[in-house]
Each structure stands twice: as structure tokens, then as C-alpha cells.
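The values are calculated or read from the model by the stated rules, or taken from the named source; none is laboratory data. The model shown is predicted, which means the values in this text are computed figures rather than measured ones. Cβ sites come from the backbone with ideal geometry, for glycine too, and all protein chains shown count toward neighbours.
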Amino acid sequence: MSLSVVNLTISNTSVSTEPQVLIDALNFNVDNGEVLTIMGPSGCGKSTLLSAIAGHLTPAFSLSGEVTLHGNSILMLEPNERRVGILFQDDLLFPHLNVWENLAFGLPREIRHPARRARAYATLAEIELTELAEKMPSEISGGQRARISLMRTLLSEPHALLLDEPFSKLDKALRETFRTFVFNQIKHSNIPAVMVSHDNTDIPTNGVVLNWPWTQGATNA
């Protein structure tokens, strides 16, 4: 089981002259429970790559190549059919929902209330935050919001996880704690993950890294 990118090429077609190739024949494979860190400067196409995998590319871009998840091509699927979760820099919790309601929002639709509430509370117990269940996002700390956001994404039962610089807005101490929490949850969920970053401290210990320019191939940290 893995997430694979084969000869993926992404071009910006919105320019007035020839299309600008942003990502050229990129290849990588990520196994379950592993995190591939993709490093590169701002503007090199890191977030665009994640958008291509998740199915959110705008019409300004064209792509060729293949993206497979567990051996099945996902490029022709709608974003909601790909089973690819994304964790962003911001927690994106709904301010009008309390913590357990935010968690329940991530659950598959076939799970009905009160089972949704029970699953949300079980998740909070798992990460030792049950006391936050009835609190609003504005009433909890940034680190707590970050953990709730990750768990909401995992409750949607993704088959792969994309991390778009999820630690960049956290202070140093919180960043280290949340980073460990994220990597442990990925291992526990046993899904492949791709993280983009420009900070070497984000790379998991002994993790696999794809440094810019990406044509050089992945290496171990």
C-alpha cells in the first residue's frame, strides 16, 4: 500500500507566452506509515504539487503523468472521492461549532448521531483532551486547536495525508510537541503522508527527503 507519483509534470498555462513548467517529471513513492518531506524555496511548486494530488488544481495549471493510491489511479476522481486528507498551516476549525462538533464534522456521512458524538468523544479521550469537548475553538490554545484539526482530518478516514507546512505558524516549543504528535498519528493510522516544508527541523528522524531541485531524487535525512 502506498502513494505513488510517476512522471508528474505540472505547467502554468496562464502565462501569455509558452506554458511555464513548474514541476518536471517528478517521481516518488511513500509507503504506509511513512512521511516523505519535500523541501524547497517559496514559489518552487510545493503547494501546487499537493493541490495536484488532492485534486484542487485551478484551470491555470495543466498536468500529465500519474498519481496512484494503493495501486489505483486517482487523477480522474473528484477531490472528495480521492480519500486524501490535507492539514494546512491554519487549523481551520469552524468557530460556531464546539470541539466535539468540529471532530464529528470530519466523520463519514454514513455514521449517524449519536454515534458521531460517541466517536468524537472517543477521539478526545485517545488524545487526553476530553475536557475540551464542549468548548469553542476560541476558548482553547493554539496547540489544542492544531491537534483537534489533525484528528478531525484523520476521522474522515483518509487513505493518504498531505501536510502543507503545518508547523510554520507555531512557536518553537509547541512546534516540536505538535510535530511529534503528527508523526505518531500517521504511524498509528498507517497511511502514507507527504509533507512540504522549507525548514529542515520539520523532517522526521531518519525520514526520507526530496530536496530542491527534486530531479535529484529522494535521500534519507
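The table that follows gives values for the structure above.
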quantity	calculated
Region 13-34, residues that are touching a helix residue (DSSP H, G or I) at 6+ places or on another chain (Cβ under 6 Å) and at positive phi	33
Meets criteria (modelled with pLDDT under 95, in a strand (DSSP E or B) and either among the polar types (S, T, N, Q) or under 23 Å from residue 167 (Cβ atoms) (or both)) for residue 11	yes
Top-ranked residue of region 135-161 - restricted to ones that are charged (D, E, K, R) and closer than 14 Å to residue 101 by Cα, ranked as surrounded by the most Cβ atoms within 10 Å (Cβ to Cβ)	152
Qualifying positions in region 40-68 - exposed (fewer than 12 other Cβ atoms within 10 Å of the Cβ) and either among the hydroxyl-bearing types (Ser, Thr, Tyr) or part of a helix (DSSP H, G or I) (or both)	42, 58, 64
Answer residue from region 178-221, given it is of a type in the set (S, T, N, Q) and surrounded by 13 or more Cβ atoms within 10 Å (Cβ to Cβ) and is nearest to residue 2 (Cα to Cα) among those	189
Hits in region 96-108 (condition: under 14 Å from residue 155 (Cα atoms) and either surrounded by 13 or more Cβ atoms within 10 Å (Cβ to Cβ) or of a type in the set (A, V, I, L, M, F, W, C) (or both))	99, 100, 101, 102, 103, 104, 105, 106, 107
Residues located in region 69-82, provided they are charged (D, E, K, R), in a loop (DSSP other than H, G, I, E, B) and more than 19 Å from residue 28 (Cβ to Cβ)	78
Filtered residues of region 109-129 (kept if basic (Lys, Arg) and either surrounded by fewer than 10 Cβ atoms within 10 Å (Cβ to Cβ) or under 17 Å from residue 157 (Cβ atoms) (or both))	109, 112, 116, 119
Single condition residue 37 does not satisfy, out of (1) touching a helix residue (DSSP H, G or I) at 6+ places or on another chain (Cβ under 6 Å); (2) part of a strand (DSSP E or B); (3) closer than 30 Å to residue 188 by Cα	(1)
Number of the condition not met by residue 132 [criteria: (1) within 29 Å of residue 79 (Cα to Cα); (2) surrounded by 18 or more Cβ atoms within 10 Å (Cβ to Cβ); (3) at pLDDT 95 or above]	(1)
Matching residues in region 162-177 - criterion: being without any contact (Cβ under 8 Å) to a residue 40 or more places away in the chain and surrounded by fewer than 17 Cβ atoms within 10 Å (Cβ to Cβ)	171, 172, 173, 174, 176, 177
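Yes or no, residue by residue, for (1) touching a Ser or Thr at 6+ places or on another chain (Cβ under 7 Å); (2) over 20 Å from residue 56 (Cβ atoms):
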| site | (1), (2) |
| --- | --- |
| 148 | no, yes |
| 154 | yes, no |
| 175 | no, yes |
| 192 | yes, no |
| 203 | yes, yes |
